[in-house]
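Before any comments, here is the structure.
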Amino acid sequence: MKTEQTEIKNTETVIEINSISKSFGNQEVLKNISLQLLKGENLVILGKSGSGKSVLIKCIVGLLSPDSGNIQVFGKDVTTSNRKDMNELRQRIGFLFQSGALYDSMTVKQNLEFPLRRIKKQLTQKERDEKINEVLEHVGLADALHKMPSQLSGGMRKRISLARTIVVDPMIMLYDEPTTGLDPVTSNEISELINEVQRRYKTSSIIITHDIKCAIATANRMIMIQDGAVYLEGNSAVFENATDPFIKTFFN
Amino acid sequence: MKILDPVIKVTSFASAQSVILSEKTIAKTEEANNFLTDVANVFLFITSIFKETFSRDFEFKEFFRQCFQIGNKTLPLISITGIIMGIVLTIQSRPTLLNFGAVTMLPGMVAVSLIREMGPVITALICAGKIGSGMGAELGSMKVTEQIDAMEVSSTNPMRFLVVTRVLAATLMIPLLVLYADALGILGSWAAINIKGDTSFFLFFSQAFRHVEFMDFIPAFIKSFLFGAVIGLIGCFKGYNAGRGTESVGIAANSAVVLSSLLVIITDMIAVQITDMLVK
């Protein structure tokens, strides 16, 4: 797989996670995790299923609240923000769900229009239509405008879901298992799209995955989570050359 | 040692029994705890519905879409049920009234029965099955497939967009459906009377409405709003609070129907008692 990765030179932080912990009942999912997302970088978070990766990014957008610690997004503390402030922050964050989460009762166009109408209220209908056509062309599905989600394949659903996320020009992208359930060819296409989104829209992204090919193709930096804590951090080379048995098992 | 054997047996039996008893106590306590948590959650759910109903950004478009959906989904079913209610009531009551020589009271009796009780309750029960289960299943599957979370991260309040619009649409539409079912029931009764005799349309209706008073109509109309609110509320609550697996969608739909039907009957009983006290 050959994809171009953007080189990150600046050190401006857009997300700063400080010592967050989260438990569900007796199960401690996140244990005192701290990490930063730099402006313009693709940060891949790797880990086994159930290691708390998805919980971590759901805490970032306020879908879950951490039990302790704080999360700063563009300098604002997500853990203490009210709904109004949170909604303002969410307008700058795109979230690609593992299942795609397309609205079943709406067409592709209506799915894309839904966040546009709420976040970019100043746009006219003509401008909205132009924006929708533009992002659908970017994801290579301009002809799917009037289709229902049930008429789309798994890969197409992921692409439309990505289009719905980028249609509002987010500054941060959070990808939750973007290649899960897809065949290798479609997975590669999605990885290329993630890099394309980073280049075209200048986004900073967190990519949650356990797909090593996707991780290597998209990462500027990687973090491995194990048992709710950061296990290893570095670039692709650090992970590929690691002698640690767990990392080696994961990468093989 | 032989002397101690029975003592050891009794002690171990007693300790095993006490373990079983304490396990049962823990299970019962957990059940009671879950029930109280559910009650508290329903209360919080209703509170946030009230809060969102009076917020500035009411979702009018989605509210009208839901009103149309409820009417569109249930109209054929309510039409058939309404007519059959009128026909059956008439055919069943006619022999008894004939025995008492009061067959002229038949249109009035049918009209009063339909308006006061049969129309609202039967319509509400049908809507509990059709609308309540639909809401439970739709919101449940939206929860399972993360669509509600997607709405939340799109800066949209899912409570306002999904729940408030559905609860208000059910509250408004079910009284209208009740009126429609009452009208068709009375028409059905006229058709049934004409199977065994010949009664003109105007004579039938003047006989029917001579016995219907204002206080027959108003309490029934008010309780129809309550039925609508109960059906919308329970359907949305069960769907919105569905678990994470696909199995929970079925559970949400099923429990929405069962609970809303039960609550319709209980609300009816309370409404009838209150009406009875007030009219006296």
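Identify which of B:232, B:243, B:119 has the largest mean-square fluctuation in a Gaussian network model of chain B, with springs joining Cα atoms closer than 10 Å.
Greatest mean-square fluctuation among the candidates belongs to B:243.
With both partners inside region A:107-252, how many of the DSSP beta bridges are antiparallel, as a percent to the nearest 5?
50 percent
In a shell of Cβ-Cβ distance under 12 Å around residue B:151, excluding residue B:151 itself, what net charge do Lys and Arg (+1) and Asp and Glu (-1) give?
Values: positive: A:90, A:118, A:164, B:143, B:160; negative: B:59, B:62, B:146, B:149, B:152.
Net charge in that neighbourhood comes out at 0.
Nearest 5 percent is fine: what portion of the DSSP beta bridges confined to chain A is antiparallel? Intermediate results must be reported in sequence, preceding the final value.
On the way: 20 of 39 bridges.
Beta bridges within chain A, antiparallel portion: roughly 50 percent.
Given the pairs B:61/B:130; A:131/B:238; A:58/B:51; A:126/B:73; A:147/B:51, which span a C-alpha to C-alpha distance of over 29 angstrom in this model?
Pairs exceeding the cut-off: A:131/B:238; A:126/B:73; A:147/B:51.
Please express the shape of region A:8-70 as an equivalent ellipsoid: the semi-axes are the square roots of 5 times the eigenvalues of the C-alpha gyration tensor, given largest first in whole angstrom.
Output for region A:8-70: semi-axes of 23, 13, 9 Å.
Just subtract the alpha-carbon distance of residue B:265 and residue B:47 from 0.36 nm times their residue separation and send over the number in nm, one decimal.
Between residue B:265 and residue B:47, full extension yields 76.1 nm more.
Which of the peptides B:98-108, B:133-143 is most tightly packed, and how do the rest follow, going by the mean number of other Cβ atoms within 10 Å of each residue?
B:133-143, B:98-108
Hey, can you rank B:81-88, B:40-47, A:82-89 by average C-beta count inside 10 Å, highest first?
Packing proxy ranking, top to bottom: B:81-88, A:82-89, B:40-47.
So what's the net charge close to residue A:137: Lys and Arg +1, Asp and Glu -1, counting the other residues with Cβ under 14 Å from its Cβ? Intermediate results must be reported in sequence, preceding the final value.
Values: positive: A:109, A:131, A:159, A:200; negative: A:129, A:130, A:134, A:143, A:196.
Residues close to residue A:137 contribute a combined charge of -1.
Based on the inverse mean of 1/r over its pairs of different Cα atoms, what is the Kirkwood hydrodynamic radius of the protein assembly as shown, in Å?
Kirkwood radius, the protein assembly as shown: 27.3 Å.
Taking chain B as a Gaussian network, Cα atoms linked when under 10 Å apart, which of B:184, B:259, B:36 shows the biggest mean-square fluctuation?
In this elastic network of chain B, the residue with the biggest mean-square fluctuation among B:184, B:259, B:36 is B:36.
For region A:1-154, what is the convex hull volume of its Cα atoms per residue in Å³?
Once divided by residue count, the hull of region A:1-154 is 176 Å³.
Of B:182, B:268, B:57, which has the largest mean-square fluctuation in a 10 Å C-alpha GNM of chain B?
Residue with maximal mean-square fluctuation among B:182, B:268, B:57: B:57.
Starting from the exponent 0.38 and prefactor 2.2 Å, build the expected Rg for chain B from its residue count and divide its actual Cα Rg by it.
So the Cα radius of gyration is 1.38 times the expected 2.2 N^0.38 Å.
How large is the translational diffusion coefficient of region B:122-178 in µm² per second when you combine the Kirkwood radius over alpha carbon pairs with Stokes-Einstein at 4 °C and 1.567 mPa s? Spell out each step's value before the answer.
Numbers: Rh = 12.3 Å.
Roughly 105 µm²/s, to the nearest whole number.
Which whole number gives the average, over all residues in A:85-95, of C-beta atoms from other chains lying within 10 Å of the residue C-beta?
Across A:85-95, the average partner-chain Cβ count within 10 Å equals 3.
Report, to the nearest 10°, how far helix B:60-99 tilts away from the longest principal axis of the Cα atoms in chain B, using its own Cα long axis and a range of 0 to 90°.
70 degrees
Could you work out how far the C-alpha centroid of region A:192-209 sits from that of region A:60-135, in angstrom?
16 Å
Coordinate-derived values only; no laboratory data. Remember, it's a predicted structure, so these values are computed and weren't measured experimentally. Cβ: placed from backbone, ideal geometry, glycine included. Neighbour counts: every protein chain shown.
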